[in-house]
1. When the Kirkwood hydrodynamic radius is evaluated over all pairs of different C-alpha atoms of the chain, what value in angstrom, to one decimal, is obtained?
2. Please report 61, 404 as a ranked list, fewest other C-beta atoms within 10 angstrom at the top and most at the bottom.
3. If one takes the longest principal axis of the Cα atoms in the chain, at what angle in degrees, from 0 to 90 and to the nearest 10, does the Cα axis of helix 320-334 lie?
4. With an 8 Å cut-off on Cα pairs and a minimum separation of 6 or more residues, tell me the relative contact order of region 377-472 in percent.
5. Specify the angular offset, from 0 to 90 degrees and rounded to the nearest 10, of the alpha carbon long axis of helix 188-198 from the longest principal axis of the alpha carbons in the chain.
6. How many nm separate the modelled label positions at residue 162 and residue 90, each set 7 Å beyond the Cα in the direction of the Cβ?
7. Normalised by the residues of region 255-397, what does the relative contact order come to in percent, with Cα pairs under 8 Å and at least six apart?
8. Ranked by Cβ crowding within 10 angstrom, fewest neighbours first, how are 74, 467 ordered?
C-alpha cells in the first residue's frame, strides 16, 4: 500500500489493523494523531494526554484481539485516539457535547470500553476484577491496564498491584510515563534492552538459571536471587516492580512503533506472572503548540489547528475559583498559620496563585485525596489552619478520612469544594452532586454554599475564623456575577441566612448559586400575582432554624432550591420543620434538587433546565406547591 494512501479510511474496527505492517502502523498513527487534533480543535477537551498515547493505542489494538482482549484506560481522558479506532470516528466531533460522545471511556458507548473511567488510579483494580472473572470462567483472553505515572502515585494503584500476584498470573500493566522523571534517557539501546529482557531467549536462560540456583543452599540461593534482580534493576529500573511481584519490561520509547509492537507481543506471551511494561511518552507529541506549552495543552477550548490559538470567550467576571484563591491569599497575609493543600490540581483549584504568594505554605500531595485529608487533619491537630481545596467529585475519594480523621476528632480542617453542582462538558463523573448530603451528615460540620462571589469571599473569611470544628464551603465552576468584592470580606454569623426579597405567598429558600434564578422565578411569580420571599440560606449546617420557622409561619408554601442530589439541603429543611411541628399546620413544601439520575454532559444551562433548577423550573415548583400546576398565567393572577 502506498504511503500516501489514507489508511484511516480503511479502518472500520481494530481488527483492520492486525494485518498491517509496522510501516503502515506508523502511517496510521500519524493519521490518528491528525484526526485527534482536528476533532479537539472543534469540540475542545483533553488534548495533550491523547496525543501522547497515539502510537501505544495503535499498537495495543494491533497486537491484542480487542474487544475480546480487555484494554482499560485509567482516567480515560487520553482515549480519544482509541475512540477513533473503535468505530466512533464518525462521531468524534461530538465529544463532550450534548447527546455526543463522552470525554472519557463509557461502557454504554461501546463494547471497546469495557470499564468506564474518569477518576485516576482505578484501572489496575478493575483489570484484576476482569482477570479473576476470566480465570474463574476458564477463559483465555488478555487483560491490559494502561495507567499514567501521575495515577500511579495514588494509593489505590499500589493496593491493586500488591494484590495482583495473589489474584492472577496473567495481567499486563502499561505504565504510561509522560513525565520522564523516573526513566533514564530513551532510545535504541533502552528499546533493545527492553525487548531483550521480554523475549523468549532471555526468559529461557533466566528459567535455567533459577533451576540451578534452586539446588544451592538457602543463603546462596537468596543471594543469587537478589543479585540477579539488582543487576537487571540497575539496567531497567525494575526492582521496585519486581518486589511487587511483576515482571518489569522497560523503559521503552512509547513512540517507537517497532519497539512497542515487539515488546507487547512478548508481554502477551507471559503466563506465569503479571508483567509491567514501562513506556516513556511525550504529552502533546506531534503537535508543536502542545509540545511547547507548559501543560502540553492538557485541556483546551476550541482552537486554530495551524496556530494552536484557543478561541476563548471574551473576558468576563473572575471565576469562583480565582475569587477563592485571591481571598485565601488575603487571609494568609494576616495569618501565618493558614496553609493550602491540593491533590494534583494547583491550577484547577486556584492554588497556583496561592503558591506564588506562599510557596512554603502550599502542599501539592499528588493524586492522593485520602492522604490530603488526613495530612490536613495532622496540620490542624498541631495548630495550623489548613484549607484543603479539592473538587467536590474528588473529595468523594477521601470521604472516609473526612469522617474518621477530621469530623470525629472535631479538627478545624477547612474544605474548599470547587466544581460544586453540574459541570457541563465533563459530565456525570465530574459533577459535584453529592457533597451537601455527605458533608451535611457529619456531626459538628459547618457547611456553606456561596450564592455569588461576594458571598464566597465572606465564606473564606468565615472558615478562617472557625477554630473549633471542621468547615466546608461549596462553589461552582465558571464565572461569578460581576459583583464588586470588598477589600476586606466580613465573616458571616455561623448558621444565619438572609432575606433577599420579602413577599407573602411563597418562600423560595436557595442554597448556593441558584439564588439568581430564584430571584428571576420570583419575578415570574409576581407577573402571575403571587408575592414571593427569596431567602439565601447560606448554611445547610447548622440551619437557620429561626428563619425557617418564621418563613413557615408567614407563608403558605416553601420551596427549597439546591445544586445537589436528593438527600441534601431540602431533606435537612424538611426534617427540621417536621421536628418542630411546622408541617402540622398544613405548610406546603417542595424540595428542588438534581434529578435522581446521572445527567449526561451538555451545556450547564441546558443541564440545569433539564433538572428543573432554572427560573422556569423554580416557577413550576412554586406553582405546584401552591396547588396551581395547571393554572394559566391569567388564571393565576385572578386566583391570587
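1. Hydrodynamic radius (Kirkwood, Cα only) of the chain equals 27.1 Å.
2. 404, 61
3. Taking the Cα atoms of the chain, the angle to 320-334 is about 80 degrees.
4. So the answer I get is 32 percent.
5. 80
6. Going from the residue 162 label point to the residue 90 one covers 4.8 nm.
7. 16
8. Working: 74 30, 467 11.
Neighbour counts put them in this order, fewest first: 467, 74.
Taken together, the values in this text are just the output of simple stated rules run on the coordinates, not laboratory data. Note that the structure is a prediction, hence the values are computed from the model and not measured. Every residue, glycine as well, gets a Cβ built from its backbone with ideal geometry; the counts of neighbours run over all protein chains shown.
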